[in-house]
Amino acid sequence: MSPSILLELSSGSGPSDGVISKLKPVVQEHELQTVDPDLKSTLGLYRNPSLQVTPDHQLKLVEAPVYQPGPGEVLLHIKATGVCGSDIHFWKSGRIGPLEFKGDCIIGHEAAGVVLQCGNGVPDFKPGDRVALEPGVSCGNCFLCREGRYNLCENVQFAGVWPYHGTIQRFKVHPAKWLHKLPDTVSFAEGALLEPLSVVMHGINTAGLSLGRGVLICGAGPIGLIALAAARASGAHPIVITDLEPRRLAFAKDFLPCCKTYQINTSIDAAGNAKAIRSLFRDDEYFAPSSVLECTGVESSVCTAAYAVRRGGTITVIGVGKSLMNNLPFMHISLAEIKLKFINRYRDTWPPGISCLDGKVLDLKKLITHTFSLENAADALHLCSDTSKGSIKVQIVDDTDIDIEALQM
């Protein structure tokens, strides 16, 4: 059964110039007998702009339909969405591994918002609740879901990955099961950071960091910087972070003054860079980093991690890379009994993540360097796609004042 539509998508073709289409005219009411006419009329006062990526690598800012929440679902006003590197990959490349954009799709999955309306069978939420969204909706029936490893579910419906629309829109319906209440001490902007924080938390849990043991973090992008803060909170020391871009390393040093930074030297090989990195710990195998959090997914960086980690240590690859890597130092990894681990997203991380932000264990607000309005969402992606611009975490916010009480009348 198709969901009932509160407001319908305006008709119109996509852009012909390969850049960005303009917003369609304000949505008109449609005669849908399944929808409460008063609610339909109230929502009709608002537009629902959305940012979509097309299979031919275009961005479209268009009006999206607004759906009525079904059983177990809620209608949300999305207040903040962070731009993720995967959003840029899907826009520029059209795919990540087997995940391919075969049609237009609203992107975005790092989000927080406000509950506007609840469907039947939603006892734990009410209109006005502030929430963060866990974007992956797993099937709940496969053996992985039953074991609690729902992040590995092959039938996951992940927001912002075709054909499942994401959160760069004003209104979105989402299952209540995958929402988490935010305390008043956690802002919507911080709530949207819970998704990348969750990636890092799953990585740290997989790596098994230890108090007083050194850790190397490869990559000073948003994930790497969150990993930097989380590793420090976990008690790891010393901490070294690497990157190609000196401005990002300067940001990392300002963000966590006790860390050491290393700019990757592209004129030498992975083993040469690893030797220089090891010297920042101490010139002794015992003091080499026992854990590496590889946050780039770049083959050369994984190779550097392999040579830098202590014998018997662990490399946890958090970054998303190419489908194939052909030049990993296999025998070095084998003879040194280096554990090479990987993660896929996260599981059961929102509640502890919220606790970390609420309890000030982590303060990630400084990572948000730029914000854009929903209507200017395409500009946010263009900024993120140009690393020379110096952005770290870019968020798209919507400060539209929605009359929640009127929706309940």
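The values are calculated or read from the model by the stated rules, or taken from the named source; none is laboratory data. Keep in mind that this is a model prediction, so the values were computed, not measured. No Cβ is skipped: glycine too gets one built from the backbone with ideal geometry, and neighbour counts run over all protein chains shown. The accessibility values were calculated without ligands, DNA or RNA, using every heavy atom of the protein model including side chains. Shrake-Rupley method; radii C 1.70, N 1.55, O 1.52, S 1.80 Å.
Electrostatic tally near Ile217: other residues with Cβ closer than 12 Å to its Cβ, Lys and Arg +1, Asp and Glu -1, net +1. Each peptide in 337-346, 186-195 gets a packing score, the mean of other Cβ atoms within 10 Å over its residues, and the list from highest to lowest is 186-195, 337-346. Calculated mean residue ellipticity, 222 nm, the chain: -7000 deg cm²/dmol, from DSSP H runs (n ≥ 4) at -39500 (n - 2.57) each, averaged per residue and rounded to 500. Exceedance of the 31 Å cut-off in Cα-Cα distance is limited, within the set Lys177/Lys393; Lys172/Lys393; Lys172/Lys339, to Lys172/Lys339.
The share of alpha-carbon pairs in segment 197-342 lying farther apart than 18 Å comes to 49%.
Backbone geometry of segment 60-67 corresponds, through the Karplus equation with coefficients 6.51, -1.76 and 1.60 at θ = phi - 60°, to 3J(HN,Hα) couplings of 10, 9, 9, 6, 10, x, 10, 9 Hz, x marking Gly and Pro. Shown in residue order for segment 148-160 are the 3J(HN,Hα) couplings computed by the Karplus curve 6.51 cos²θ - 1.76 cosθ + 1.60 at θ = phi - 60°: x, 9, 5, 5, 9, 4, 6, 10, 5, 9, 9, 4, x Hz (x for Gly and Pro).
Scanning residues 5 or more positions from Lys341 or on other chains, those with amide H under 5 Å from its amide H are Ile315, Thr316, Val317, with H placed 1.01 Å from N in the peptide plane. Of the solvent-accessible surface of segment 305-409, computed with a 1.4 Å probe and all protein chains present, 51% belongs to carbon and sulfur. Listed by chain and number, the aspartates and glutamates placed with their C-alpha closer than 15 angstrom to that of Lys260 are Asp243, Glu245; residues fewer than eight positions away on the same chain are left out. Listed values for segment 244-259 are Karplus-derived 3J(HN,Hα) couplings in whole Hz (6.51 cos²θ - 1.76 cosθ + 1.60, θ = phi - 60°), namely 7, 9, x, 5, 5, 5, 5, 4, 4, 5, 6, 5, 9, x, 7, 7, and x replaces Gly and Pro. Counting only DSSP beta bridges whose two residues both lie in segment 185-269, roughly 0 percent are antiparallel. Could you tell me what percent of the DSSP beta bridges with both partners in the chain are antiparallel, to the nearest 5? Percentage antiparallel, nearest 5: 60. The separation of segment 190-224 from segment 356-375, counted between C-alpha centres, amounts to 16 Å.
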